Amino acid sequence: MGDMANNSIAYSGVKNAVKETNHGDFGVTLAELRSLMELRAADALHKIQECYGDVHGICAKLKTSPNEGLSGNPADIERREAVFGKNFIPPKKPKTFLQLVWEALQDVTLIILEIAAVVSLGLSFYQPPGGNESLCGSVNVGEEEEESEAGWIEGAAILLSVVCVVLVTAFNDWSKEKQFRGLQSRIEQEQKFTVIRGGQVIQIPVADIIVGDIAQVKYGDLLPADGVLIQGNDLKIDESSLTGESDHVKKSLDRDPMLLSGTHVMEGSGRMVVTAVGVNSQTGIIFTLLGAGGDEEEKEKEKEKKDKKNGAVENRNKAKAQDGAAMEMQPLKSEDGGDGDEKDKKRSNLPKKEKSVLQGKLTKLAVQIGKAGLLMSAITVIILVLYFVIDTFWVQKRPWLAECTPIYIQYFVKFFIIGVTVLVVAVPEGLPLAVTISLAYSVKKMMRDNNLVRHLDACETMGNATAICSDKTGTLTMNRMTVVQAYINEKHYKKIPEPEAIPEKTMAYLVTGISVNCAYTSKILPPEKEGGLPRHVGNKTECALLGLLLDLKRDYQDVRNEIPEEDLYKVYTFNSVRKSMSTVLKNSDGSFRIFSKGASEIVLKKCFKILSANGEPKVFRPRDRDDIVKTVIEPMASEGLRTICLAFRDFPAGEPEPEWDNENDIVTGLTCIAVVGIEDPVRPEVPDAIKKCQRAGITVRMVTGDNINTARAIALKCGILNPGEDFLCLEGKDFNRRIRNEKGEIEQERIDKIWPKLRVLARSSPTDKHTLVKGIIDSTVFEQRQVVAVTGDGTNDGPALKKADVGFAMGIAGTDVAKEASDIILTDDNFTSIVKAVMWGRNVYDSISKFLQFQLTVNVVAVIVAFTGACITQDSPLKAVQMLWVNLIMDTLASLALATEPPTESLLLRKPYGRNKPLISRTMMKNILGHAFYQLVVVFTLLFAGEKIFDIDSGRNAPLHAPPSEHYTIVFNTFVMMQLFNEINARKIHGERNVFEGIFNNAIFCSIVLGTFIVQIIIVQFGGKPFSCSELSVEQWLWSIFLGMGTLLWGQLISTIPTSRLKFLKEAGHGTQKEEIPEEELAEDVEEIDHAERELRRGQILWFRGLNRIQTQIRVVNAFRSSLYEGLEKPETRSSIHNFMTHPEFRIEDSEPHIPLIDDTDAEDDAPTKRNPTPPPSPNRNNNNAADGAIHLTAGRRNKSATSSSPGSPLHSLETSL
């Protein structure tokens, strides 16, 4: 409770309380710090200079050292917490159990039931005055006294079932909320931040950060507290979560040193002194305001607030609130333009339409069934009333006597009760329960399979997934990078060389370059347990390089101790645009040296020299570069290695200091030290998992920042690409060139031509990933809309994770931002867990279909029996209480039994269902009607001929107050037996033969079937009058069981009839179709569509204009080419190393003419493609193929024509001009 108290002091009585007591301890008060943190940029700088001199002044007043940090002495920490508060924001109170109950009551099906129950109860207490019965006609409505006295049982039982459903649902939500909170607190404890205490860099839980701490911030961090920058390298922050501005803000000591909690570090690194924590930080202040002004706002705001609250500063990994329409605290700027906030607001104000697909289908189905039931019950009542009226007043010619009115009313009431009974049986109150149980059960079990589900409906959406866009590093691979090959001093080492083999000079460059030019937060620690692998902390690629130094028997820590981080003159940190990192050192003589490392093809382009065999630099020409690319980089890449180039450059002392902000002039003219190949081994279980996905009809695509050769090699190892298949592997820039029109705008049509064949997207930027995901989701190529799952771990994956139908974030490697944007967190970062999620998702769907198949069979039979029985014998053969027992079996218990079926591997053998696949397929319809037919035949045979078969008294037309008859008991008993055995039939919904398969894996199912059977025996043998049962002999029992088992045999017969023959069967339970959704809900997507349409029209005109020109040009090109190619087809080019690999290679199909791909910047990176000399036959044909994947992956052709146009060649210049 201490911190709660602190916070309240901190917030309310800040100004006075703190000043009086604690001003003596520190040179600055809480209020002063708070007012300082409210300033931005120039104002803040001015204030700091005016009051404190500089940042070091603030450190001095806070009694902390900018380099050593706090002492870490417990007394000091306690004092700071007392004065400045803890880094903790008290979370909002969770919804109470009663609120959850109220929410659960809003279900449509439940409301229908509640009304039916209340009516039924009211009627049972209505006792009309008795009259002289003999006068008023003797219509036999075989209701016994007990039955009318036990009338209330009916209503009460319905209410009980409603209460059950509501309590289960509410309890579920409550435990889910509790689980999330538990999880949240676990994540909070796990969420560490790097601070310096006593000169040691340590990681402490975010909640333990206090004012005065020196914190290290780096790319991907989410700042846990406010602070002032002490030292920064190229630091850029995304402050959109606080300001709504999407531009990244550059932070530096001389421009804007203020770092605010809840903002994301998008680039760079640095150190800050913490000046405000918890409720006094910027985010904390916003939360306090949110918490304060709550009551008078409408319910809607309440909900949003709750969800916002859930994003509390260090709680940000927390689950988005349950309702799915959550607004998180940090809206990632969505690429669709507009702020994330706006969209979220729009969404959360929608009616509760944001139900998952499944819930939508179910609600619709339940309403349809309800309507049908209502109709049946209305007809029943009308027929009974008409029969009574005609019989009494027409056939028996009786007058309507005034004193008989109450008795007639009593008859009508009884008819009404029979009607309500029919309705109750018809309405499937087990549906909501089945869904709830199934989802809750799945989520709980998925936790064991390393899937932490943050949004319930993500679990079920996953079952319909048709595409997975996966990262490579860490998901498909182990994310334990090690350097396995190196090219040093003009020698290609296939394994790490001995230290003696490398000249001393080269070694010095290598050691300093790697030690200094890797983030100081990356380090290799000793293994946690004996014999384990050393622990890699920080960036994995950098750890691999540091590991290389350790393999060369050198220690990077010595260099870092010699050159501490604050001595680095300038750092250009790694980001997704640069794809390299450079660090500038200032030497004692005033000269500068810059070390650079990054993607080999990018850094090599900037190298003009290379270290020769003796360690001296020598000239490095473009021709040499091409040689290295062919002989070193591509062979490495084809083995799936990531290649990193290390280089340096010296700026002599005498020259004027370079313009450091002009990065392009600085990082050029480099001298190459070495090229290393880093391997990230494929996880052993991944190829198998990908095979399962492909078998299940899910396309796995790899989206990675690595180069295309590495990516292709890994894709082959994983099985994403198979030799001999016709697929595309593209680089990011290639992809962009193909999907954009002349104006550089993305066109859906162009994306549609690429994505179905695309399997690997290499060198891709975060925007590419988002574009691809959005393109696939918005695509209308196939009649089913694609359901896309995306995995991501980096901050930059946020937009794609949010856009996807299901976003998977990595639990271990993932940044806070990624987790915040995701729906499911993979706690083990493993691709196989995604396959498990697919299995569970499909299982949820199937469980509900199984339940429906069972339930609807019972419904159809029970309704028809009650209806015909009532119409023919004026009395339902199944009494109200018996009906309720049947209802209990088929609803509550069956939903428990069928919804907890564990998933089997066979779920992965079928294709995904798709969004508008009906819940009840034709096979299921066949099963439902088939079984209903069998059951009706049996029941009616027993009803109208049972007394002859068993040689017992007929139960029909029994006089009033007659004891329960054996006849009707046999009907009831056989009916229940048939349901029990049909429950086993219902375990399979795809027409499988073996319905017993895996039945013992589900203990709940077995125990429920057994339990029901035992209870049935008790009811029949000892139920007596309340249950309208009389004891049965063993023989009669055996007959009942035999007829029940008949359903199993009948089931075999039904599954022999091919569904395809039964054209008349309809499916039921479709999702909401597009036209049924009200206008305003579609409005969100409208602007995108319009824009695209406009673009298309404009594009068409441009096309037709441009076509004639292109055609003539292409003829020229082709004529030119055909002559050129003959000269190029030399034997040596055929076996050129440029072919990367022996099997997958690029070639253009000879049958189709294509426009040559144009890329003036990097033609040499283009895949070797063979263009065809035939001119295009027609403009349209040409138009289609232009954007078509002009590259087909095929295998086994050895006669490659590797003709990559190099920049100097006439072919290249021609392409460029074209």
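The values are calculated or read from the model by the stated rules, or taken from the named source; none is laboratory data. Quick caveat, the model's predicted, so the values are computed rather than measured. Note: ideal-geometry Cβ built from the backbone for every residue, glycine included; neighbour counts use all protein chains shown. To get the accessible areas, we keep the full protein, side chains included, count just its heavy atoms, and leave off ligands, DNA and RNA. Shrake-Rupley method; radii C 1.70, N 1.55, O 1.52, S 1.80 Å.
Residue 717 meets all of the listed conditions (1) under 29 Å from residue 644 (Cα atoms); (2) crowded, with 20+ Cβ neighbours inside 10 Å but one, namely (2). Just to be sure, is residue 782 among the aromatic types (Phe, Trp, Tyr) and either under 20 Å from the mean Cα position of the chain (by Cα) or closer than 30 Å to residue 443 by Cα (or both)? When the stated conditions are applied, residue 782 does not pass them. On the stretch given as segment 821-846, residues that are under 12 Å from the mean Cα position of the chain (by Cα) and open to solvent by 10 Å² or more (accessible area, probe 1.4 Å) total 1.
Taking first residues from segment 982-1011 that are open to solvent by less than 60 Å² (accessible area, probe 1.4 Å) and partners that are polar (S, T, N, Q) and part of a loop (DSSP other than H, G, I, E, B), the Cβ contacts under 8 Å between residues at least 6 apart in sequence or on separate chains come to 988/994; 989/921; 998/904; 1002/900; 1005/900.
This table checks each residue for (1) under 25 Å from residue 921 (Cβ atoms); (2) assigned to a helix (DSSP H, G or I); (3) of a type in the set (Ser, Thr, Tyr).
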residue	(1), (2), (3)
389	no, yes, no
399	no, no, no
436	yes, yes, yes
445	no, yes, no
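A Cβ distance below 7 Å, combined with a sequence gap of six or more or placement on separate chains, defines the contacts here; from segment 698-723, residues that are more than 20 Å from residue 576 (Cα to Cα) and without any contact (Cβ under 8 Å) to a residue 40 or more places away in the chain reach no residue that is surrounded by fewer than 24 Cβ atoms within 10 Å (Cβ to Cβ) and of a type in the set (Ser, Thr, Tyr).
Looking only at residues in segment 669-691 that are open to solvent by 40 Å² or more (accessible area, probe 1.4 Å) and modelled with pLDDT under 90, the one that is farthest from the chain's Cα centre (by Cα) is 679.
Annotation: of all residues in segment 384-403 being within 60 Å of the chain's Cα centre (by Cα) and at pLDDT 85 or above, the one that is most open to solvent (accessible area, probe 1.4 Å) is 386. Can you name every residue in segment 721-734 that is within 21 Å of residue 770 (Cα to Cα) and touching a helix residue (DSSP H, G or I) at 6+ places or on another chain (Cβ under 6 Å)? Result: 729, 731, 732. Considering segment 230-277, the residues that are closer than 18 Å to residue 521 by Cβ, in contact with a helix residue (DSSP H, G or I) (Cβ under 7 Å, 6 or more places away or on another chain) and open to solvent by less than 30 Å² (accessible area, probe 1.4 Å) include one that is modelled with the lowest pLDDT, namely 264. With the requirement that a residue be open to solvent by 30 Å² or more (accessible area, probe 1.4 Å) and part of a helix (DSSP H, G or I), what does segment 724-751 give you? Within segment 724-751, 733, 736, 737, 748, 749, 750 meet the criteria. Within segment 569-602, the residues that satisfy the criterion of being over 37 Å from the mean Cα position of the chain (by Cα) and in a loop (DSSP other than H, G, I, E, B) are 569, 587, 588, 589, 590, 591.
Would a scan of segment 517-528 turn up a residue that is of a type in the set (Gly, Ala, Ser) and more than 33 Å from the chain's Cα centre (by Cα)? Scanning segment 517-528 turns up no residue that is of a type in the set (Gly, Ala, Ser) and more than 33 Å from the chain's Cα centre (by Cα). Here residue 677 meets the list (1) assigned to a loop (DSSP other than H, G, I, E, B); (2) within 28 Å of residue 617 (Cβ to Cβ); (3) touching a residue at least 40 places away in the same chain (Cβ under 8 Å) almost entirely, failing just condition (1). Give the residue that is farthest from residue 419 (Cα to Cα), with candidates limited to residues of segment 72-100 that are surrounded by fewer than 21 Cβ atoms within 10 Å (Cβ to Cβ), at pLDDT 85 or above and touching a strand residue (DSSP E or B) at 6+ places or on another chain (Cβ under 8 Å). This residue is 76.
Name every residue in segment 408-421 that is touching a Pro at 6+ places or on another chain (Cβ under 7 Å) and either of a type in the set (A, V, I, L, M, F, W, C) or open to solvent by less than 10 Å² (accessible area, probe 1.4 Å) (or both), in order of residue number.
Within segment 408-421, just 409 meets the criteria.
May I ask you to verify whether residue 103 is at pLDDT 75 or above, surrounded by 15 or more Cβ atoms within 10 Å (Cβ to Cβ) and part of a helix (DSSP H, G or I)? Answer is yes for this residue.
Of all the numbered requirements in (1) among the small types (Gly, Ala, Ser); (2) surrounded by 10 or more Cβ atoms within 10 Å (Cβ to Cβ); (3) modelled with pLDDT of 50 or more; (4) in a helix (DSSP H, G or I), residue 1071 misses one, and that requirement is (4).
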